[in-house]
Each structure stands twice: as C-alpha cells, then as structure tokens.
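Here is the structure we will look at, set down as structure tokens.
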C-alpha cells in the first residue's frame, strides 16, 4: 500500500505559517509529499527546500485572482495538489499550512490506513481538532471552532475540495468517512498581535470585495486577542516538530479564560457538550459511517 501527502502554500514567510512543521509532521506517514507553491512575494520556495527530504516533490502554481469570493481559490489549489499525487497511492493525507499532526497519533492513523484500505465504502478518515489561540497555551473550546474534519481521503479523483478547502465532496455529496482516534493541531491563530493582523489582512483579500478589502486594510496593525467567546488552557504536549518554533516565540498574551462571552442558547449548548461530549446541531461536512 502506498500513501501520498499533499498540501499547497503561498507566502509562508510573510504570513508566518508553520508549513515546514506541517510537512515534517506528515512525512513519516507517506511515501511522497506533494507541495504546491503559489506565486509568492517571499522565499517560500527556499523555505520548503530547507527540509531537504527526497519524499518532497515541489510543484508551482499561479493563483487565480478572480476566484476571491468565499476563498474559492483555496479549494482550487487543493484540487491541483491532489491531482499531482501518484495514481498508485491508496490514500492521500491532506495538511494545510497551519496544521500539524502530533507524532503520538501516527499509530492510529496507520491503523486506519490498513483497516479500511480494502473497504471502498470508506472514502476518507475523519480527525478531531485542537485549535490554538493567541499563544501555544490556549485553545478555543466553543462551538465556533469546527471540531472534526476530513484530512485523509481515498485516491479517487472524483473527490474534490469543498468551498474554501475545509473539507471534501464528490459532486454535491458528502464523503462517507470513519472517525479515527487522532487530532489535527491547528496553529493558525497563534502569532504575535502584529503578525496575526497582517495575516488577517492578507487572507481577507481572498474573501472580500474590493471595497470591503479596502476597509479592512485601514484597520489597526494590531490584533486584539481578547475578542474571544470561550477558551481553555492547553495542558498536553505539542508535537516534537513544533518545539523550536514554540521556544522562539517572542510575544506574550495573557487571556482571562474565566470569561465566557456566550449567548444564553450557546451557553446551554456549550455546557451540554462539556458534560456529555455530544455537540448538538453541529454542521457536518461529511457522513460518519459505522
């Protein structure tokens, strides 16, 4: 059985993406790693080349600026990268530029590969999520953070990336997936206040009209991390590949996690989920099969 990995990236240096760590976290699981690099304004290519691993296959792409609405260009770039993987592969591991897999989950992921490789009804593997916020010490624990998503798909080219590349579909149909006991660590909201606002402005251009983008660019160059609804302290370990980046952190954000800025309805759902582990009325971008 062969397994491929794939990702896309643009302006990783400018936006402070942990893309090197993301790729390193996938390499032990795959036989090849497709990295599709967009038309950058920085040395993202040089950054990826520093990994210097024979599994990595770098390709280049030009992003279509007309696909700005709803972040559609992100799905298009995902599909381009997926199309480049080896046809002989059974599975494809997808990772975004701000996501990392902890090494402690490798056994569960490999078990999923083996367990479902011959079951064509299983079109993907579903991961749980941990979303970090502000620093590496806080995680978002409210319903605004998606708590599960598909990050391994069968090598079936009828599968395509959906909307802004959060998940996958076949036509309009959701994938049939199996939940595995593994997490994706999402670090997209962990940056200095200045870098976070810079990234927000850059990415905002992918979703907004010219007028909306102009208005956003006029906002202060400092992100206010106090604008959260609910956070919790992170008490587990980070992936080994993240240790240097964490050690090099040069900002400090102190957040009061006792504050819960939730409406009455969201508060009820929040505490129900904490007590039962069940998330009611949640949007699911997939179909979990038993």
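Quick notes
- Filtered by the rule that a residue be surrounded by fewer than 21 Cβ atoms within 10 Å (Cβ to Cβ) and over 19 Å from residue 71 (Cα atoms), region 133-153 gives 135, 136, 137, 142, 143, 147, 148.
- Among residues of region 47-99 being without any contact (Cβ under 8 Å) to a residue 12 or more places away in the chain and in contact with a helix residue (DSSP H, G or I) (Cβ under 9 Å, 6 or more places away or on another chain), the one that is nearest to residue 149 (Cα to Cα) is 67.
- Residue within region 29-41 that is assigned to a helix (DSSP H, G or I), in contact (Cβ under 8 Å) with a residue 12 or more places away in the chain and surrounded by 18 or more Cβ atoms within 10 Å (Cβ to Cβ) present: yes
- Residues that are buried (at least 22 other Cβ atoms within 10 Å of the Cβ) and either in contact with a helix residue (DSSP H, G or I) (Cβ under 8 Å, 6 or more places away or on another chain) or assigned to a helix (DSSP H, G or I) (or both) within region 117-127 comprise just one, 125.
Condition check ((1) at pLDDT 95 or above; (2) surrounded by fewer than 22 Cβ atoms within 10 Å (Cβ to Cβ); (3) not in a helix (DSSP H, G or I)) across all residues:
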residue	(1), (2), (3)
6	yes, no, yes
20	yes, yes, no
26	yes, no, no
110	yes, yes, no
114	yes, yes, no
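- Residues satisfying the stated conditions in region 232-244, i.e. part of a helix (DSSP H, G or I) and touching a residue at least 12 places away in the same chain (Cβ under 8 Å): 240, 241, 242
- Condition check for residue 178: touching a helix residue (DSSP H, G or I) at 6+ places or on another chain (Cβ under 8 Å) and under 20 Å from residue 286 (Cα atoms): yes
- Residue count for region 131-165 satisfying the condition of being assigned to a strand (DSSP E or B) and in contact (Cβ under 8 Å) with a residue 60 or more places away in the chain: 18.
- For residue 44, the requirement of being crowded, with 18+ Cβ neighbours inside 10 Å, in contact with a helix residue (DSSP H, G or I) (Cβ under 9 Å, 6 or more places away or on another chain), at pLDDT 95 or above and farther than 23 Å from residue 124 by Cβ is met.
- Any chance residue 170 is surrounded by fewer than 18 Cβ atoms within 10 Å (Cβ to Cβ), more than 16 Å from residue 21 (Cα to Cα) and in contact with a strand residue (DSSP E or B) (Cβ under 8 Å, 6 or more places away or on another chain): yes
- For region 190-218, taking the residues that are in contact with a helix residue (DSSP H, G or I) (Cβ under 7 Å, 6 or more places away or on another chain) and either in a loop (DSSP other than H, G, I, E, B) or within 26 Å of residue 270 (Cα to Cα) (or both), the one that is modelled with the lowest pLDDT is identified as 207.
- Looking across region 245-268 at every residue that is part of a helix (DSSP H, G or I) and more than 25 Å from the chain's Cα centre (by Cα), the one that is surrounded by the fewest Cβ atoms within 10 Å (Cβ to Cβ) is identified as 264.
The values are calculated or read from the model by the stated rules, or taken from the named source; none is laboratory data. The model shown is predicted, which means the values in this text are computed figures rather than measured ones. All Cβ positions, glycine included, derive from the backbone under ideal geometry; neighbour counts span all protein chains shown.
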